[in-house]
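K.L.:
Once you've had a glance at the structure underneath, I'll fire off some questions.
The values are calculated or read from the model by the stated rules, or taken from the named source; none is laboratory data. Remember, it's a predicted structure, so these values are computed and weren't measured experimentally. Here Cβ is always computed from backbone atoms with ideal geometry, including for glycine, and neighbour counts include all displayed protein chains. We work out accessible area using only protein heavy atoms, side chains counted, and drop any ligands, DNA or RNA first. Shrake-Rupley method; radii C 1.70, N 1.55, O 1.52, S 1.80 Å.
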Amino acid sequence: MGASDLSSTVVRATVVQASTIFYDTPATLDKAERLIAEAASYGAQIVVFPEAFIGGYPHGSTFGITLGNRTAKGKEEFRRYHASAIDVPGPEVDRLAALAGKYKIYLVMGAVERSGYTLYCSVLFFDSQGQYMGKHRKLMPTGLERAIWGFGDGSTIPVYETPIGKIGAVICWENRMPLLRTAMYGKGSLETDGRDVEKHYYVGIEIYCAPTVYDRKDWQASMTHIALEGGCFVLSASQFCRRKDYPPPPDYVFVAAAEEPSTDTVVCAGGSVIISPSGQVLAGPNYEGEALISADLDLGEIVRAKFAFDVVGHYSRPEVLSLTVKDHPQDPVSFTSTARTESTPK
């Protein structure tokens, strides 16, 4: 398959702007199903959820952390947060896969992934046949996130080739990392030219998903720049949540706030948006409340945009500038077993 196979295809995309039901993962999954069903009823072929939708983003919490100390209350907060996360694979992943298959959509879901006692901010990918495809783990948590989430590595920055385009995801402020973006643009497929000669087609990501919880207006500039830079569609899904979407005090306290917010105080104001490869805003940004934000993606626009600027194609200068990505797992412990040999008695 070459870069032009989908140039006459139009894809219906939906980004979900909604809140987690904090500390209640089963209820959050039920909410996800309702939103997926609604998006599918509008003809969505790909549905993108915000960062940490399953498991929750702990706005306002410090988990009792100060330099050199963690409080007993903060440790208990982390225990509850850890209990709300999901194993990958696991029963929640199976349910999400079944939902993708039931509603015949490609599903991109933000989740807090539990791996033993370490948590990761991850994005899970599912195809329209109900199969789990894989995950991306956030490479660089921001600020205090680093105290509660582990770091991803190069083995989990996939781009999936699908019948509706090449899909990948970069989470929140990772999108400000130029080398990570370049890696996503350069994710090509290894193919043959009919004479069994291998050739790289650097077509890279085409549907660039950007789950986030960042709601400030400067986010829109980043999303527009990425669409122009990558010659791709950008689908940014942000949470919209209020104080009442979190447990009341003392179970959950917004200690980072000057005073405890009222129940209707907006904690994350959304800003979800869909942008074309030419930088045109197709839908959003929305700062009004929970919403489904949809647009039709004319994949031919990718070809038209890259005629002018193909960042890892005709506009690259690999003899001057190049990027090496270490895409293998970085395991802290490895075991090497050697077979014991016994000498034959003489």
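K.L.:
In Å, what is the Rg of the alpha-carbon atoms in the chain, and how long is Dmax?
P.N.:
21.5, 86
K.L.:
So, one more: Take peptides 91-102, 312-323, 157-168 and line them up by average Cβ neighbours within 10 Å, highest first, as a rough protection proxy.
P.N.:
157-168, 91-102, 312-323
K.L.:
I've got another one for you. Pick out, from Asn69, Val255, Ala291, the residue whose Cα sits farthest towards the positive end of the charge dipole of the chain, with +1 on the Cβ of Lys and Arg and -1 on the Cβ of Asp and Glu.
P.N.:
Result: Asn69.
K.L.:
In debye, nearest 20: dipole of segment 217-281 around its Cα centre with unit charges on the Cβ of K, R (+) and D, E (-)?
P.N.:
160
K.L.:
Sequence-distant or interchain residues sharing an amide H contact under 5 Å with Val255, placed H: which?
P.N.:
For Val255, the qualifying residues are Thr62.
K.L.:
Right, another one. Over the Cα atoms of segment 102-191, what radius of gyration and what Dmax do you get, in Å?
P.N.:
For segment 102-191, the Cα radius of gyration and maximum Cα-Cα distance read 13.8, 43 Å.
K.L.:
Using only the alpha carbons of segment 1-106, determine the length spanned along each of the three principal axes and report them from longest to shortest in whole angstroms.
P.N.:
Each principal axis gives a Cα extent; for segment 1-106 these are 58, 30, 25 Å.
K.L.:
For the chain, give the share of DSSP beta bridges that are antiparallel, in percent and rounded to the nearest 5; count only bridges with both residues there.
P.N.:
So the antiparallel bridges in the chain amount to around 70 percent.
K.L.:
Place a +1 charge on the Cβ of each Lys and Arg in segment 246-346 and a -1 charge on the Cβ of each Asp and Glu, then give the dipole magnitude about the Cα centre in debye, rounded to the nearest 20.
P.N.:
So the dipole magnitude of segment 246-346 works out to roughly 880 debye.
K.L.:
Next question. Full-extension gain between Ala147 and Ser337, please, as 0.36 nm times their residue separation minus the C-alpha to C-alpha distance.
P.N.:
64.9 nm is the gain from fully extending Ala147 to Ser337.
K.L.:
Still on this model: Label Gln220 and Arg80 with points 7 Å out from Cα along Cα→Cβ: what is the distance between them in nm?
P.N.:
Roughly 3.6 nm, to one decimal.
K.L.:
Can you tell me, using C-alpha contacts under 8 Å and at least 6 residues apart, the relative contact order of the chain as a whole percent?
P.N.:
21
K.L.:
Is the shape of segment 219-283 rounded, prolate or oblate, going by the alpha carbon gyration tensor and its root eigenvalues a ≥ b ≥ c, with a/c under 1.5 for rounded and a/b larger than b/c for prolate?
P.N.:
Verdict is prolate for segment 219-283.
K.L.:
Residue separation times 0.36 nm, minus the C-alpha to C-alpha distance between Gln131 and Val281: what's the value?
P.N.:
50.9 nm
K.L.:
Here's another thing I want to ask about it. Within the set Lys138/Lys187; Lys135/Lys244; Lys104/Lys306; Lys31/Lys244, which residue pairs have Cα atoms separated by over 22 Å?
P.N.:
Lys135/Lys244; Lys104/Lys306
K.L.:
Rounded to a whole number of µm²/s, how large is the Stokes-Einstein D of segment 243-346 at 37 °C and 0.692 mPa s, given Rh as the Kirkwood radius over C-alpha pairs?
P.N.:
D, rounded to a whole number, is 155 µm²/s.
K.L.:
Moving on to the next point. May I ask for the percentage of alpha-carbon pairs in segment 267-309 that lie more than 16 Å from each other?
P.N.:
45
K.L.:
Now for a different question. With r defined as the distance between the Cβ atoms of Ala72 and Phe309 and R0 fixed at 51 Å, what FRET efficiency is calculated, to the nearest 0.05?
P.N.:
According to the calculation, E is roughly 0.40.
K.L.:
Which value, in Å², gives the accessible area per residue of the chain when a 1.4 Å probe is used on the protein heavy atoms?
P.N.:
Ligands and nucleic acids excluded, the figure is 48 Å² per residue.
K.L.:
Taking the Cα centre of the chain as origin, sum charge times position over the Cβ atoms of Lys and Arg (+1) and Asp and Glu (-1), and report the length of that vector in debye to the nearest 20.
P.N.:
Result for the chain is approximately 620 debye, rounded to the nearest 20.
K.L.:
Given the peptides 9-17, 50-58, arrange them by the average over their residues of other C-beta atoms within 10 Å, most packed first.
P.N.:
50-58, 9-17
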